[in-house]
1. Does the stretch 98-247 classify as rounded, prolate or oblate by the C-alpha gyration tensor (a ≥ b ≥ c root eigenvalues; a/c under 1.5 gives rounded; else a/b over b/c gives prolate, otherwise oblate)?
2. If you stretched the chain out fully between residue 79 and residue 150, how much longer would it get, using 0.36 nm times the residue separation minus the C-alpha to C-alpha distance?
3. Which number do you get for Rg(Cα) / (2.2 N^0.38 Å) in the stretch 121-175?
4. Relative contact order for the stretch 86-221: what is it in percent, counting Cα pairs under 8 Å that are at least 6 residues apart?
5. So how much slack lies between residue 128 and residue 98, counting 0.36 nm per residue of separation and subtracting their Cα-Cα distance, in nm?
6. Among 231-240, 71-80, what's the highest-first ranking by average C-beta atoms within 10 angstrom per residue?
7. Hey, how many Å between the Cα centroid of the stretch 127-189 and the Cα centroid of the stretch 75-120?
8. Run the numbers for residue 90 and residue 160: contour at 0.36 nm per residue of separation, minus the present Cα-Cα distance, in nm.
């Protein structure tokens with residue numbers, strides 16, 4: 001089933017995985033719920049980039065106008081993620097695109113509170129993506145590397161006082177059963193999707209790591225199989241755990 005999510009959480013880089021944002025919202029029993037953001041062809045939520053994002057509209061980075069190997073990113077199917085900067089060219093028998101997106105944010109409200117006290121986040125992120133296509137421009141597979149090395153959450157807007165730190169480093173693999181057809185596309189996520197530590201004696205606060213495969217065309221919605229450690233599946237409340245570490 002489509003997982004509801006808080007839009008404000010889905011757009012924050014430290015909770016950039018819409019499935020994580022949905023689980024966080026659910027664990028906190030928050031009332032302001034929206035349907036999950038649609039996913040784009042690069043495998044990331046197609047929401048507007050967070051404040052401070054360096055993501056730019058689609059444009060080619062290939063050198064030299066008139067380069068015969070250069071390909072217009074707007075000509076490919078399905079559409080590339082518009083929050084990335086893309087460079088596309090003909091390579092061998094197909095077309096390969098490389099994209100990047102850098103973000104920085106905060107201190108800004110994260111979207112939940114601890115007993116009425118606003119939680120603030122400061123951090124940065126970097127995404128790199130490669131998508132392969134047929135000669136006709138139909139996508140066949142995508143690999144996106146996502147890294148948010150240190151998101152700091154505090155109860156003070158100046159980031160002072162107790163803090164928890166979230167670190168995320170994971171990979172999104174997409175394969176198209178039929179080139180260009182998103183309904184046949186399978187997403188597999190591997191790595192450290194969410195790892196939260198306290199900066200004091202709390203140690204590890206929350207964890208979501210391992211491998212998750214989703215059903216074709218059901219990114220972040222229908223899980224086919226998963227392995228690793230998933231504190232959400234274990235019934236732990238993300239917001240409660242973060243607030244406990246902060247207070």
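1. Details: a/c = 2.83, a/b = 1.89, b/c = 1.50.
Judged from the Cα gyration tensor, the stretch 98-247 comes out prolate (a/c at least 1.5, a/b above b/c).
2. 22.5 nm
3. Taking N as the residue count of the stretch 121-175, the ratio is 1.70.
4. Numbers: 351 pairs, mean separation 22.4, N = 136.
Relative contact order for the stretch 86-221 comes out at 16 percent.
5. 10.1 nm
6. 71-80, 231-240
7. 8 Å
8. The span from residue 90 to residue 160 would gain 20.2 nm if fully extended.
Each value in this text was obtained by applying a stated rule to the coordinates, not by laboratory testing. Everything quoted here is computed from the prediction, not taken from an experiment. Using ideal geometry, Cβ is built from the backbone for each residue, glycine included, and neighbour counts are taken over all protein chains shown.
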